[in-house]
Amino acid sequence: MTALVSPLRNGLGWLLLKLRPSATQPRYDIADIVGWLWRAWRANRLQATLNAVIGLGDVAVSLGQVWAVKHAIDVAAGTVPGSILLSVGLFGLLILADFALSISSIWVRNLLGIKAQNRMQRELLDRMLRSEWHGREARHSGDVLNRLETDVNVVVNFLAETIPSTLSVLAMFIGAFLYLFSMDRLLAIIVVAIIPVFILLSKVYVRQMRKLTRKVRDSDSKVQSVLQETIQNRMLIKTLEGDSTMVGKLGSTQTELRQHVTKRTAFSVVSNLILNVGFSAGYLVAFLWAAIRMSEHTLTFGGMTAFLQLVNKIQGPARNLTKLVPAFVSVLTSAERLMELEDEPLEEQGEPLYMGKPCGIRLENITYAYDDSSHNVVDNMYFDFKPGTCTAVLGETGGGKTTIVRLILALLRPQQGQVVIYDGSNASTITPRHRCNLVYVPQGNTLMSGTIRDNLLLGKPDATEAEMAEALDKSCAGFVYELPDGIDTTCSEKGGGLSEGQAQRIAIARALLRNRPIMIFDESTSALDTDTERDLLRNILSDNDKTIIFVTHRQAVVEYCHQTLRVDRNVN
């Protein structure tokens, strides 16, 4: 298998280059696509190798069956000497071998195939989570999920099954041709001579199929995006009585998908019809040729049977090879869509950089503007969140409060100035590696589906029962133990089953379990009543060993803070 890898890689590159439609400008260089597919293939080489071995074994068994059938018929007709029982017994052993290879192929496909898909999905998700974020999601989550599911499946199947099966198809084609050539040279040449004509027509086929396949895949992503967004916002849609609007939107995107699928299917049907007419003509020629020879007593009945089987085994691989064209088109499209998920550069990687306790954050004349904005959201701002202090960040909506939080969390980088994290002896420009010193409680319901325990352990995976109980008590979330299943109560997506205030308190408990020197709360008490909010703030601030930042509109929170930072909208 190793000896075949380099020619296979070079051949794949050549073929993909030929498949590239000249009318469109590629987003990626062909070398980049082949390199990406090559790296993906290396991760799946075990499955690919096993499939190749099974496929080549199947070729040997299949050609052996042709010989066994011919030999058994000739023995039965008295044309050649031998035992009919031994001949039929040999054919039976070859059938059992074929069964064994088929079962092996199913096991490899199902067990190693799902493992390969899972691995690629994990790698892509890990790559996306570690990439830089620019404040705007470039793609709808439904589109991303569609790529991680459908496109990953296409790529893995191509690399682990289609390429190995291509080797066995080529082996079958060559083996059957040589076998037929040894029996009748002229017929073998006639059968094979028809094939190049149809291969030459593939360029026109590929150019159009490439465009249609991309449209189908993009439309499929749109359908999934509408479905996902509608399900996620079901309550909002019901209250706005927007049922018919969303169903209509889904219908229109599905209509678009059907139109693209219809065009691709019609084109494919016509192309396959032309191809099948050619192959059928070739088979009829072979049948006529064998019948004439048999009538002239230059070919035995067993020989005629072998003729027709061999023609099938030449044309079958030839048909399969032509089917590789849409497979190459499909994997090219899927590879490009997956590569697009890796477009963003990685954040700074490396070991976490822990600071001493307590530590602070200083904004040193920072300026930031989003890519699509005509003005600076934050403009030449200086502020010092000193170690051990509590600060309230106030301001109107759209004034830049959330942007400041993202800058502090190293999710964004200022275009000018720097965000500095410091303790008593060290100071450094903040990077993602300093994120280990912070904990963040976003606004809204941020619980994950699963149990309350699962959500708490997200803050500290090795937390003990006592630590979780203490965090829940400190965040005024003791109600958890009054629930039927206590801490093991299951929450649906977005904390379904809990009130907004209950979900907020559990999210705060999760942050307290993380226990980092800098804590950021973004409107995290907005759903709490005044008494509960007061008790919670008193608990959080009681230790005086953390730097706390509250983004808030609530005066009750401001009263507990040492200083305030007011952020006004910048309209320049």
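FYI, it's all coordinate maths here, none of it is from the lab. These figures come from a predicted structure and were not determined experimentally. Note that each Cβ is placed from the backbone with ideal geometry, even for glycine, and that neighbours are counted across all protein chains shown.
Figures for the structure shown
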item: LEU394 long-range amide H proximity, modeled H, under 5 Å; result: LEU565, ARG566, VAL567
item: The stretch 340-391: relative contact order as a whole-number percent, Cα under 8 Å and 6+ apart; result: 33
item: Inter-probe distance in nm under a simple model that places probes 7 Å from Cα toward Cβ, at SER295 and TRP38; result: 5.7
item: Kirkwood Rh, Cα atoms: Rg over Rh of the stretch 391-484; result: 1.05
item: Distance histogram in 10 Å bins (all Cα pairs of the stretch 108-178, percent per bin); result: 17, 35, 23, 15, 7, 2, 0
item: Cα convex hull of the stretch 58-177, projected area averaged across orientations, nm²; result: 10.4
item: C-alpha center-to-center spacing [the stretch 515-572, the stretch 340-377] in angstrom; result: 22
item: Flagged links, alpha-carbon separation over 24 Å, of LYS460/LYS546; LYS401/LYS546; LYS215/LYS249; LYS115/LYS211; result: LYS115/LYS211
item: In order through the stretch 520-531: 3J(HN,Hα) via Karplus (6.51 cos²θ - 1.76 cosθ + 1.60), integer Hz, x for Gly, Pro; result: 10, 10, 9, 6, 7, 10, 5, 9, 9, 6, 4, 5
item: Inter-part distance where the stretch 139-183 and the stretch 42-76 are each reduced to a Cα centre, Å; result: 18
item: Kirkwood hydrodynamic radius (C-alpha pairs) into Stokes-Einstein, the stretch 504-572, 10 °C and 1.306 mPa s, D in µm²/s; result: 121
item: Estimated vicinal HN-Hα couplings, Hz - the stretch 78-83 in sequence order (Karplus 6.51, -1.76, 1.60; Gly, Pro = x); result: x, 6, 10, x, x, 9
item: Rounded to whole Å, sorted largest first: equivalent-ellipsoid semi-axes of the stretch 458-534, Cα gyration tensor; result: 17, 17, 12
item: Hydrodynamic radius by Kirkwood, which averages 1/r over all alpha carbon pairs of the stretch 420-572, in angstrom; result: 16.5
